[in-house]
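The values are calculated or read from the model by the stated rules, or taken from the named source; none is laboratory data. Since we're looking at a predicted model, the values are computed, not measured. FYI the Cβ positions are ideal-geometry reconstructions off the backbone, even for glycines, and counts take in every protein chain you see.
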Amino acid sequence: MPTETDNRPASRESTAASGPKTPSFGRPLLRTSYVQEAAIFPTYLQKGLVGLALLTITLAVLGNSFLTFIPRWLLGNTWLGPVTIAVIFGIAALGLNILVGVTGQVSLGHAFFMGTGAYTSVMLGGNLGEEESWKACVPFHDNLGLLERQGECGLGLPIWIWLPAAGLVAALIGILVSPAAVKVRGLYLAIVTVGLVFIGLHLGRMLPEWAGDFESGRKWPKLDIRVWKEEAPLVSVTEDGEWFGLIYLSEEQKEFFFLFAFLLLFTWLAKNLVRSRTGRALQAIRDRDVAAEVMGVPEFEYKRLGFAISSFYAGIAGALFASFNGRVSPIDFGLLLSVDFIAILLIGGAGTIAGTLLGTAFVELLPNIVERLTARLAEQLANDGVMSAVAHFLLTDGSEGNFGPISTSPTAPGWPMSVFQWNFVIYGVLIVVFLIFEPLGLFGIWLKIRNYWKGWPFSY
Amino acid sequence: MITFVQTLSKAIALGSIYGILALSFVIIFKGTQVLNFAAGALSMAGALFLSILVVDGGFPFLPFANPLAPDPGETAGVALWLVHVAMALIIAAIVGLVIERVAIRPMIGQPLFAMAVITLGLEIAIRPFNLDATALGGRSIGVPWGNESWIIADAIIPKSYVAAVIAAALSFAAVFYFFRSRFGVAMRAVAFDQEAAMAQGINVGRVFAIAWALGAALAALAAIFFAMAPWPPSGSVSAEIHPVWVFRVLPVIILGGLDSVVGAIYGGLLIAFFEIFAGQYLSQWTNILGPGYSTIVPYIVMLAVLLVKPYGLFGTAEIRRV
């Protein structure tokens, strides 16, 4: 992949060569060489922060294994699940970022492509239907409850086939729908892609042999690395045990590291795409499509490419999601999932890799945090003090004379609403608030902080 | 033949409802350049307001009740019911005004997409309240004619269908009249160019407010007529009618064009014809097409049309030269 340095003018060669090759301390926007400008992490501070973040995550996840001084609740099994889901969604969000943030094409159809990838992986990598087969390869009643359908089996192929295949099939379908998508622009495109999601949901209803029961779904492929269909996996990811004879890890920890490696890989690919020739062409189309075409960037071809790359990411993420989640059902890939990704981009900061990842963590973990806080608050009900008063004000068990907006019973319908429903309200309000007050999202907040310290103690 | 007439009446009625809802989208888009994804939550909230007013006789947690409400267990007469509809529409319009003031007004000048996503956020934020209100089962909206129908030459035509057509005709007449009025001309000017309109002394903020009030009221009206007896057989607002049906209107406004009032009529009727006739005459192949296949027909029609005409049948084509 060509980098910025490959096609710089020859006359600048000398200055670039004489300039410092290493990243600079401090001053974020002070660049003294082209190498520096093209660097992924231009300053030592950024390198250090990223390294520190990686180290923290690794240690926190390993905490259960041997670092006993790290509190178990930090990334114990209860937290690892949501965090791993966030990692998978991060891959999909990076893909949508390439389409929405870099190419400037608004798509609400990301869930459809994720579903495509998920079902490709299920068909190729799903089990052959011997032991522990569930909903696949066994007869089940279709949605009308009338007909008995024979479920289709997966082929049981190993991960190195079904994972790339999931991405490629999704990319292919992205290319197939792109003739309709590249012609329309702006809001029209958003609406067309909404149509895709509903058509995808209906395909799930149409083909229950493949999709499984609409509500409960079907069997998933396993994350284990196998050479072919042999019994014992080469690298086991889905069972507790030693990894490479080095360290004993639980299943959740293995899955996390396995998927986190994919996230790092795809982050690296996305970052390199943005600073390559292709990435610059896509950005030119985003900034002004007419001007881009005047400069010789073929608009439709690059839009199609953007669609294909974004769908590839979505397909990969869908396949990983299916196999991690352990349940695939068409209903998972509805419009709300697409809106999730748009919200991730807007809350994180569209067009930036760091913002996308921040947004994913924020959007995916917020509901869990709210639920945890509510549970902690409920424990305070028995005590005295300020927190207890807050808990009494907010929480209610729904009995007579006991008012409050949040119901402690998660299943009771009607007012007061459960935490689950309040999460949606908080989520929707957050989207609105972020768009109004911080259009650049979390990344914009980081920029503000950085710019404040850049000139400190002066104001600019 | 009887099947055909009944199907036709159903298609026209559904087309009218789609038309009203599309009109809500068009007015909001013309006035504020916002594609209102929150129409689903707003419309269901409007129908719920009617249910609360006419069946419960007043809002909970408020110290006063609705003085006009019929006695509990009784159904309001047609005139009284229409008064309640008007009240529900006014409340919906007030909600629209609040949304415009709080969430849309600060976003003037931002990209169209950011505004559209704001409405998506509103949809997500309002929807739980709607679903919560209907969590214990559907809520009746107290339609005076219930599930009655007329029999014209052996064809059964529910009264609700006729009511929907009348409502659509009235709203379209009102909107056409509105666009001839002073405010309507101002809105058309704002739709054409916000800054130029402002330079001519038009109060753009007021146009925004009017557009959202009208749009929210029209969305509520559409939901009220969609919650009547033959559509959901129980004739009540429930979680079933909410999440998806408003998104079926997106093909309508794509076909009609986001900014065309006439297009809303034609688009609504066209999509409803395809949907209802496909649902009626292809039903023997349900096994292959999958249950509920008719709800997908609008999107397929939309994709087919967009391949030929990227700006819809009546939308303003953006002239571009490269």
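Select from segment B:279-294 the residues that are small (Gly, Ala, Ser) and either within 8 Å of chain A (Cβ to nearest Cβ) or on the phi > 0 side of the Ramachandran plot (or both) and list them in ascending order.
Passing the criteria: B:GLY290, B:GLY292.
How about segment A:98-129: which of its residues are of a type in the set (Val, Ile, Thr) and more than 18 Å from A:ALA308 (Cβ to Cβ)? Talk me through it step by step, then tell me what you get.
Taking segment A:98-129 first, the residues of a type in the set (Val, Ile, Thr) are A:98, A:100, A:102-103, A:106, A:116, A:120, A:122.
A:VAL122 - this is the single residue of segment A:98-129 that is of a type in the set (Val, Ile, Thr) and more than 18 Å from A:ALA308 (Cβ to Cβ).
Is there any pair with a first residue in segment B:295-307 that is facing another protein chain (nearest Cβ under 7 Å) and within 14 Å of B:GLY267 (Cβ to Cβ) and a second that is crowded, with 19+ Cβ neighbours inside 10 Å and among the hydroxyl-bearing types (Ser, Thr, Tyr) whose Cβ atoms are under 8 Å apart and which are 6 or more apart or on different chains, and what are they?
B:LEU306/A:TYR188
Which residue pairs have Cβ atoms under 7 Å apart, sit 6 or more places apart or on different chains, and have a first residue in segment A:433-458 that is within 18 Å of A:GLN46 (Cβ to Cβ) and a second that is polar (S, T, N, Q)?
A:PHE443/A:THR352
Do you know which residues across segment A:97-145 are modelled with pLDDT of 85 or more and assigned to a loop (DSSP other than H, G, I, E, B)?
If the condition is that a residue be modelled with pLDDT of 85 or more and assigned to a loop (DSSP other than H, G, I, E, B), then A:THR103, A:GLY104, A:GLN105, A:VAL106, A:SER107, A:LEU108, A:GLY109 are the ones that fit.
Restrict the check to segment B:29-42 and report whether at least one residue is within 18 Å of the chain's Cα centre (by Cα), of a type in the set (D, E, K, R) and outside any loop (DSSP other than H, G, I, E, B).
Step one: filter segment B:29-42 for residues within 18 Å of the chain's Cα centre (by Cα), giving B:29-42.
Applying the additional criterion that residues be of a type in the set (D, E, K, R) yields B:30.
Restricting the remaining residues to those that are outside any loop (DSSP other than H, G, I, E, B) gives B:30.
The answer is yes, given that some residue of segment B:29-42 is within 18 Å of the chain's Cα centre (by Cα), of a type in the set (D, E, K, R) and outside any loop (DSSP other than H, G, I, E, B).
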